[in-house]
1. Just a yes or no: is a residue in the range 89-99 under 14 Å from the mean Cα position of the chain (by Cα) and on the phi > 0 side of the Ramachandran plot?
2. Of the numbered conditions (1) over 23 Å from Phe60 (Cα atoms); (2) surrounded by fewer than 13 Cβ atoms within 10 Å (Cβ to Cβ), Cys151 satisfies every one except a single condition; which is it?
3. Of the residues in the range 105-120, how many are loosely packed, with under 12 Cβ neighbours inside 10 Å and part of a helix (DSSP H, G or I)?
4. Pairs please, first residue from the range 27-39 and within 17 Å of Ile105 (Cα to Cα), second anywhere and part of a strand (DSSP E or B) and charged (D, E, K, R), Cβ atoms under 6 Å, 6+ apart in sequence or on different chains.
5. Say whether the condition of being part of a loop (DSSP other than H, G, I, E, B), under 30 Å from Ala125 (Cβ atoms) and either in contact with a Ser or Thr (Cβ under 7 Å, 6 or more places away or on another chain) or at pLDDT below 95 (or both) is met by at least one residue in the range 1-12.
6. Residue check, Leu102 against (1) crowded, with 18+ Cβ neighbours inside 10 Å; (2) assigned to a loop (DSSP other than H, G, I, E, B), all met but one. Which one?
7. Out of (1) exposed (fewer than 15 other Cβ atoms within 10 Å of the Cβ); (2) in a loop (DSSP other than H, G, I, E, B), the odd one out for Cys85 is which?
Amino acid sequence: MTLAAETCAICQIHGAVSTQTSYEIGRGALWVLRHHPDPAPLLGWLLLDSARHLGGPADFNPEEAAAWGLAVQHASALVKELTGCDRVYAIAFGEGAPHLHLHLIPRFASDPHTAAWLVADHYRAVVAGERSPANPGDVGVLVAQARTLWCW
């Protein structure tokens, strides 16, 4: 994909110092792991982004293809460890930016708003201001904890 970093929303997020200090958990040569920015739909809603422009796994180079499974496994395990959730949903649509950004969403059996596709309704309700987002202070604490646990 060809798109200038200046016009790519994910490149701007990856380059913003405020985002790095507030939401970024870690980055390597291939992937960036970060918490969903404010308003975060749920505490522990992480995003695993490709470091370069690519639409999805079909566009991986051999190095990305080899590393993808472990990156998703480790990031998903981190979500479970940080939140105590019952499972982690992994969803990527890829229409908003030319970067793969995999949403890693904590699923709690006790919270019906996180069940299957209802999590999309929950997301929309938070964006619309109809439901409260995760507390930014709690997000900061979780990100700090995640940084101590995460390693590439």
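1. yes
2. (1)
3. Step one: of the range 105-120, the residues loosely packed, with under 12 Cβ neighbours inside 10 Å are 109-110, 112, 116-117.
The next check asks that each one be part of a helix (DSSP H, G or I); those that pass are 112.
Residues flagged as loosely packed, with under 12 Cβ neighbours inside 10 Å and part of a helix (DSSP H, G or I) within the range 105-120 amount to 1.
4. Val32/Asp49; Arg34/Glu24
5. Checking the range 1-12: at least one residue is part of a loop (DSSP other than H, G, I, E, B), under 30 Å from Ala125 (Cβ atoms) and either in contact with a Ser or Thr (Cβ under 7 Å, 6 or more places away or on another chain) or at pLDDT below 95 (or both).
6. If we test Leu102 against (1) crowded, with 18+ Cβ neighbours inside 10 Å; (2) assigned to a loop (DSSP other than H, G, I, E, B), just (2) comes out false.
7. (1)
Matching residues to (1) buried (at least 21 other Cβ atoms within 10 Å of the Cβ); (2) part of a helix (DSSP H, G or I); (3) at pLDDT below 95; (4) not hydroxyl-bearing (Ser, Thr, Tyr):
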site	(1), (2), (3), (4)
Leu43	no, no, no, yes
Leu47	yes, no, no, yes
Glu63	no, yes, no, yes
Ala71	no, yes, no, yes
Ala75	yes, yes, no, yes
Glu81	no, yes, no, yes
Tyr89	no, no, no, no
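The values are calculated or read from the model by the stated rules, or taken from the named source; none is laboratory data. The model shown is predicted, which means the values in this text are computed figures rather than measured ones. Neighbour counts run over all protein chains shown; Cβ positions are idealised from the backbone, glycine included.
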